[in-house]
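Below is one structure, written out as structure tokens; the observations come after it.
The values are calculated or read from the model by the stated rules, or taken from the named source; none is laboratory data. Since this is a predicted model, take the numbers as computed values, not measurements. Quick reminder, even Gly has a Cβ in these numbers, built from the backbone with ideal geometry, and neighbours come from all protein chains shown.
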Amino acid sequence: MASNEQKIIAVFGATGHQGGGVVRALEEKGQFRVRALTRSPDQYQGPADEVIAADLERPETLTAALQGAHGVFLVTNYWQEGTDELKQASAAIDAAKAAGVDHLIWSTLPNVEAISGGTINLPQFTGKAKIDPLVKAAGFSNHTFVVPPAYYQNFSGPFGPQKQLDGGYGWVLPIDPTVRCFHMGDINELGDIVAGAFASPEETGNGQYLPLVGDFLSFDELVATLNKQGYNLSFTRVPLEVYSGFFPGAAALAETLSYYENYTYLGPRSFDNEIALANKVAGKRPTTFAAWARDNFQLR
């Protein structure tokens, strides 16, 4: 039996936001040997102990990539052109099971189809949620679900406040700014929860859901937080049908915001217990939006 120091955690998407943060957090904790999985291992620049070629589109690459791994962190990228998340995740789950992996951690999102009774279509959420039962059914000794938040990063830079006709900056969106609905966080901190979950399988490995939530805000609170830091940002609410014609993809974003406003990012019930467990295994509270913004917020 290998000691914990020698157990290998294989990390999919090691060059992306989520996987990169997982690699860093595992290396910082120093409890496991970290194997970065990437389609281009020769270009990998991160701190992993080893790097192996793995392509979710080519299941034949996964067997060798997961050989000898104790744990696997699995994430798929909905936004990558041509991605079939169900197909990719199924291949990875099968390969992990065949390789004798003990603990699989899947990065998932809420099932918006179920939450909204089919009235809101967010495939980037629901597609991931529909993989949860496959993870459970695979029969790993331990399995855990982590839930990334609405990224703080998405409220800054290109997605942040835009220049308005009066010369100021602000948001124009089809959402009630008084409704507290954004479970938010610094995506780079998801790795702390994942590393903590691998280190505490007895607490997290029976299908627990561990959301990263650094803050829970309304748009008014978000704007007020930034204005307290010296910005002068505005918020204008527009009707959904008007906003949907603003730019290609606006209708899909409007549908996303409609889901948040009606059900919150994580869904309609309280997630206090799950958030508390996530923070406990991470060993720290995630960064608040105000603290993140002081160091990282940028006007475009």
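Only one of Leu210, Leu226 is in contact with a Leu (Cβ under 9 Å, 6 or more places away or on another chain), touching a residue at least 12 places away in the same chain (Cβ under 8 Å) and over 21 Å from Gly267 (Cα atoms). Can you tell me which?
Leu226
Run down Ile105, Ile52 and say which single residue is assigned to a strand (DSSP E or B) and more than 22 Å from the chain's Cα centre (by Cα).
That would be Ile52, the only listed residue that is assigned to a strand (DSSP E or B) and more than 22 Å from the chain's Cα centre (by Cα).
In this structure, is Glu28 closer than 23 Å to Gly205 by Cα, surrounded by fewer than 22 Cβ atoms within 10 Å (Cβ to Cβ) and among the acidic types (Asp, Glu)?
Answer is yes for this residue.
Sort through Leu37, Leu62 and tell me the only one that's in a strand (DSSP E or B), under 17 Å from Ile9 (Cβ atoms) and either modelled with pLDDT of 95 or more or small (Gly, Ala, Ser) (or both).
Leu37
Could you tell me which residue of region 133-163 is surrounded by the fewest Cβ atoms within 10 Å (Cβ to Cβ), considering only residues that are of a type in the set (S, T, N, Q), touching an Asp or Glu at 6+ places or on another chain (Cβ under 8 Å) and over 16 Å from Arg300 (Cβ atoms)?
Within region 133-163, the first condition is being of a type in the set (S, T, N, Q), and the residues that meet it are 141-142, 144, 153-154, 156, 162.
Among the residues that remain, those that are also touching an Asp or Glu at 6+ places or on another chain (Cβ under 8 Å) are: 141-142, 153.
Next cut, over 16 Å from Arg300 (Cβ atoms) only: 141-142.
Working: Ser141: 12, Asn142: 21.
Ranking the candidates gives Ser141 first.
For region 167-212, name all the residues that are β-branched (Val, Ile, Thr) and over 15 Å from the mean Cα position of the chain (by Cα).
Across region 167-212, the qualifying residues are Val172, Ile175, Thr178, Val179, Thr204.
If I filter region 243-256 for residues that are within 18 Å of the chain's Cα centre (by Cα) and acidic (Asp, Glu), do I get at least one hit?
Looking through region 243-256, none of the residues is within 18 Å of the chain's Cα centre (by Cα) and acidic (Asp, Glu).
Restricting attention to region 179-209, which residues are more than 18 Å from Ala291 (Cβ to Cβ), among the hydrophobic types (A, V, I, L, M, F, W, C) and outside any helix (DSSP H, G or I)?
Matches in region 179-209: Val179, Cys181.
Anything in region 266-293 that is among the small types (Gly, Ala, Ser) and either in contact (Cβ under 8 Å) with a residue 24 or more places away in the chain or in contact with a helix residue (DSSP H, G or I) (Cβ under 7 Å, 6 or more places away or on another chain) (or both)? List them, or say none.
Correct list: Gly267, Ala278, Ala282, Gly283, Ala290, Ala293.
Listed residues Asn77, Asn111; which is out of contact with any Lys or Arg (no Cβ under 9 Å at 6 or more places or on another chain), polar (S, T, N, Q) and closer than 19 Å to Pro148 by Cβ?
Values: Asn111 fails: out of contact with any Lys or Arg (no Cβ under 9 Å at 6 or more places or on another chain).
Just one listed residue meets the conditions, Asn77.
Counting just the residues of region 1-30 that are closer than 20 Å to Leu212 by Cβ, of a type outside the set (A, V, I, L, M) and in a loop (DSSP other than H, G, I, E, B), which one comes out modelled with the highest pLDDT?
Here the answer is Phe12.
Going by the structure shown, is Ala282 among the aliphatic types (A, V, I, L, M), out of contact with any strand residue (DSSP E or B) (no Cβ under 9 Å at 6 or more places or on another chain) and surrounded by 12 or more Cβ atoms within 10 Å (Cβ to Cβ)?
no
Quickly run through region 196-252 and pick out the residues that are among the aliphatic types (A, V, I, L, M), closer than 29 Å to Trp106 by Cα and touching a strand residue (DSSP E or B) at 6+ places or on another chain (Cβ under 7 Å).
Ala197, Leu210, Leu212, Val213, Leu217
Let's see how each residue does on (1) crowded, with 21+ Cβ neighbours inside 10 Å; (2) in contact with a strand residue (DSSP E or B) (Cβ under 6 Å, 6 or more places away or on another chain); (3) closer than 18 Å to Ser107 by Cβ:
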| residue | (1), (2), (3) |
| --- | --- |
| Gly19 | yes, yes, yes |
| Arg35 | yes, yes, yes |
| Pro41 | no, yes, no |
| Asn77 | no, no, yes |
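Just checking, does region 269-278 include any residue being among the aromatic types (Phe, Trp, Tyr), buried (at least 17 other Cβ atoms within 10 Å of the Cβ) and in contact with a His (Cβ under 8 Å, 6 or more places away or on another chain)?
The first filter runs over region 269-278 and keeps only residues among the aromatic types (Phe, Trp, Tyr), leaving 271.
Now restrict to residues that are buried (at least 17 other Cβ atoms within 10 Å of the Cβ): 271.
If we keep only those that are in contact with a His (Cβ under 8 Å, 6 or more places away or on another chain) too, we end up with 271.
So far as region 269-278 goes, yes, one or more of its residues are among the aromatic types (Phe, Trp, Tyr), buried (at least 17 other Cβ atoms within 10 Å of the Cβ) and in contact with a His (Cβ under 8 Å, 6 or more places away or on another chain).
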